[in-house]
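A quick write-up on the structure given underneath.
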Amino acid sequence: LNRGIDRIDVERILSGTHPDPFQRVFDAGLAVANVFASDPEFYRPLMRYLLGVLDPVNRPAYMSRAFDYWHQAVQPIADADLLCHGMSASSRARNLQVFFTGAIDYWVHGELSGEELRAQVRYGITLHLLALARDDRAAGLETIIAETEPVITKVAMRQLSAKN
């Protein structure tokens, strides 16, 4: 677990040098999705355990580390004074952590492929950042929504048909 999380941290650090603070959040999300999807035979059972078992030692440590990861990804947005509506970097990081935990849960249970996970991450992060976007950034975010919406819709339709 620690080796896997260290790999994710390295991926974020390597990709997190972009000058655009919004892009740094995307890079952080895709770093996790790429590492998990690169070895699903290892990460799916590991995450199934971490997300499904109330472990008083490992789960809190993992969730704390995940929060720190997202806080570091969001901090450049706060540093650039792009947070608005009374948001703090901590609340934005927590919200991204909760979203990401849900997306990973879908992937863990095989309801998303690796490519679908990446699309879901891009889509979800876009929605989070759209709340912060001013006109100059909104158009780029809307393009990402348009690119990822077909994948998100396909997954939703598959889940609806499985339910019926």
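The values are calculated or read from the model by the stated rules, or taken from the named source; none is laboratory data. These numbers were taken from a predicted model, which means no experiment stands behind them. Reconstructed Cβ throughout: ideal geometry from the backbone, glycine too, with neighbour counts over all protein chains shown. Areas reflect the complete protein model, heavy atoms only, side chains present, ligands, DNA and RNA absent. Shrake-Rupley method; radii C 1.70, N 1.55, O 1.52, S 1.80 Å.
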| query | Using +1 on the beta carbon of Lys and Arg, -1 on that of Asp and Glu, and nothing else charged, what's the dipole of the chain about the Cα centre, debye to 20? | reply | 440 debye
| Linear extension gain, HIS85 paired with ALA146, 0.36 nm per residue minus alpha-carbon span | 19.4 nm
| said: Just to verify a number: FRET efficiency for VAL10 and LYS154, C-beta to C-beta distance, R0 = 35 Å, to 0.05? | reply: 0.65
| request: Would you check the accessible area of ASP27, probe 1.4 Å, heavy atoms only, in square angstrom rounded to 10? | output: 30 Å²
| query | ASP20 versus ASP136, label points 7 Å from Cα toward the beta carbon: distance in nm? | reply | 1.2 nm
| message | Multiplying the sequence separation of GLU111 and ASP68 by 0.36 nm and subtracting their Cα-Cα distance, what value in nm do you get? | response | 12.8 nm
